[in-house]
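Any read-out appearing in this document is the output of simple, stated calculations on the displayed coordinates, not a laboratory observation. The model shown is predicted, which means the values in this text are computed figures rather than measured ones. Virtual Cβ from ideal backbone geometry, glycine too; neighbours counted across all protein chains shown.
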Amino acid sequence: MMKYVNGIDLDRLRTTQDLIETDADGPLSKPRFQSTIVWNNGYRTVSRVTDGQEVTGDEPERYGGSGVGITPEDMLLTAVGHCLTATYIGGLSAAGITVKSLRLDVSGRVNFRAAYGLEAANPGFESIGVEVDIRTDSAPDKVKEILDKLLKTAPIPDTIIRPVPLDVEINCKQTELAAEL
């Protein structure tokens, strides 16, 4: 009989964990993710991710965009929050803790003066903060201890915390259209 905690099928969770454990360096234990971003117009982009979902990106009107899509900064904060939410709910469910509500507020400040070349500084987030509001059937100390352990296993926050190489390969070709301008 399947047992669900917080909407998570615990048998499936254990099976997945067992498969990852035996997969070593295979596609289940070390999957490759990919996102293809295509410029649309102005600052608008359409991103297609690994499993085919699409996300529209844009900049707010105050920065010259049309405001119809999510900003790169918001995507990054959302990725942090979504990853932590999935990690937390999976770990708490495996521990048999029933969660009544879970909300993460993720925020950070970006230095656009540096991004626009107006000052010599790092143009990215100066820091990122996460506030977790959780209601469960367990003692707060126990839940906090589990969440602290789970934080160390969350892939997206880990990627931000440690240096990760970023290799950019540029393939540039002149087209007839560019020659006419």
Would you mention how many residues in segment 1-39 are assigned to a loop (DSSP other than H, G, I, E, B), polar (S, T, N, Q) and either within 22 Å of Val99 (Cα to Cα) or in contact with a strand residue (DSSP E or B) (Cβ under 9 Å, 6 or more places away or on another chain) (or both)? 2
Could you please let me know if Arg44 is farther than 30 Å from Thr136 by Cβ, surrounded by fewer than 14 Cβ atoms within 10 Å (Cβ to Cβ) and more than 16 Å from the chain's Cα centre (by Cα)? no
In segment 90-181, which helices (runs of 4 or more DSSP H) lie fully inside it and hold 3 or more residues that are farther than 20 Å from Pro72 by Cα and among the basic types (Lys, Arg)? 140-151
Let me confirm something: among Gly65, Gly81, Gly69, which residue is of a type outside the set (Ser, Thr, Tyr), over 18 Å from Ile156 (Cβ atoms) and crowded, with 19+ Cβ neighbours inside 10 Å? Gly69
